[in-house]
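Heads up: the structure comes next, in C-alpha cells.
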Amino acid sequence: MNNRLRVLRAERQWSQADLAARLDVSRQAVNAIETGKHDPSLPLAFRIARLFAMPIEAIFDDGIS
Amino acid sequence: MMIKISQDRRATSFMASAHFGGLAIFAYLAGRMANWPDFAIGMTIGITLASLLALILFSRTDEYLLSLWHAGVSAGFIVVALAFVYAPVFAGWSDTFLGTANPTQAAAAQFAGMLAILAFYVGLHVRWLRSRA
C-alpha cells in the first residue's frame, strides 16, 4: 500500500529510529511500512494518524479511488 | 528482576538470531553430508535451537517481526504436512532401490524435522527480503 510516511517523517526531520520510537515499533517495521512492503495493522495505522494529526486516508492510499 | 530491552535492541536480536539460525541449519545439513565430527554437528544443532528460542522470545516485539515469524512458521508447517504425506512414499521408494537392509523410515522422519526447520528459516528470510527496499 502506498503511503506518505517518508514524506511526513522528512518534514519533521525525524529519522526512522525517531519515528519507530514514537510509534513503539522497530526501525525495521518503519522501513517496511515506508517502502510499502508491509501494511500496518489497524491499531498501528491509527497511532500513525494520531502522531501526524491527519486522517488515515491522508497518509495511506490503497489505490482505489 | 525484569531487564527492559529497547525495541530496537529486541528487533536487532531477532534478526541476528534469524541469520545465525539460518546459517546454522545449513551448516548442520552440510556437516551431515560431509561427515563432520559429532561435536561440530552438535554445535550447529545448539546454535539452531538457541536461535529458535530467541526468535520465539523476540517475535512479539512488533507486528512486523511477528509477520516474519508467521511466514517462517507457515513454511515449516507446509513442509511438515507434505512430509507427513510423502515420507512413507519416499521411504518405500528408497527401500525399493536400496533394499530393505537399509530401511529409510527412521531417516525420513528425522529428515522431515530438519527440512521443516530449514523451511522455517527460508520462509522467514524470503519474507524479510521481500519486505526490504
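The values are calculated or read from the model by the stated rules, or taken from the named source; none is laboratory data. Bear in mind the structure is a predicted one, so any value in this text is a computation, not a measurement. No Cβ is skipped: glycine too gets one built from the backbone with ideal geometry, and neighbour counts run over all protein chains shown. When the accessible area is computed, the model is the full protein with side chains, heavy atoms only, and any ligands, DNA or RNA have been set aside. Shrake-Rupley method; radii C 1.70, N 1.55, O 1.52, S 1.80 Å.
How much accessible surface area, in Å² rounded to 10, belongs to the heavy atoms of B:Asp38 with a 1.4 Å probe?
130
Under a no-solvent Debye model with one identical scatterer per Cα of the protein assembly as shown, what's log10 I(q)/I(0) at q = 0.11, 0.17 Å⁻¹?
Result of the Debye calculation: -0.64, -1.10.
Does anything in region B:17-59 have its amide N under 18 Å from the 7 Å Cα→Cβ label point of B:Phe90, and if so which residues?
B:25-34
Which parts of region B:55-74, residue by residue, lose 30 Å² or more of accessible area when the rest of the protein chains are there, as against the chain isolated (1.4 Å probe)?
Flagged in region B:55-74: B:Asp62, B:Glu63, B:Tyr64.
What is the average number of partner chain Cβ atoms found within 10 Å of a Cβ in A:19-31?
Shielding by partners across A:19-31 averages 5.
What quantity of accessible surface, computed with a 1.4 Å probe and excluding non-protein components, is buried in total between chains B and A, in Å² to the nearest 100?
1100
So what's the angle, to the nearest 10 degrees on a 0 to 90 scale, between helix A:42-52 and the longest Cα principal axis of chain A?
That works out to roughly 70 degrees.
So what is the accessible area of the protein assembly as shown per residue, in Å², with the probe set to 1.4 Å?
61
Measure off, as a whole percent, the carbon and sulfur share of the 1.4 Å-probe accessible area of the protein assembly as shown, all protein chains present.
66
In Å³ and rounded to a whole number, note down the convex hull volume per residue for the Cα atoms of region B:9-130.
Value for region B:9-130: 108 Å³ per residue.
Summarise the partner chain shielding of B:10-19 as one whole number: the mean count of Cβ atoms from other chains within 10 Å of each residue's Cβ.
Taking all residues of B:10-19 together, the mean is 1.
So if we plug the beta-carbon distance of A:Phe46 and B:Phe26 into 1/(1 + (r/R0)^6) with R0 = 30 Å, what FRET efficiency do we get, rounded to 0.05?
With a Förster radius of 30 Å, E is 0.15.
Could you check the spin-label model distance between A:Met1 and A:Arg22? Points 7 Å from the Cα along Cα→Cβ, value in nm.
Label at A:Met1, label at A:Arg22, 1.9 nm between them.
Accessible surface of A:Glu11 in the full protein assembly, 1.4 angstrom probe, to the nearest 10 Å²?
120
How much accessible surface does B:Thr48 have with a 1.4 Å probe, in Å² rounded to 10?
Here the residue's solvent-accessible area equals roughly 10 Å².
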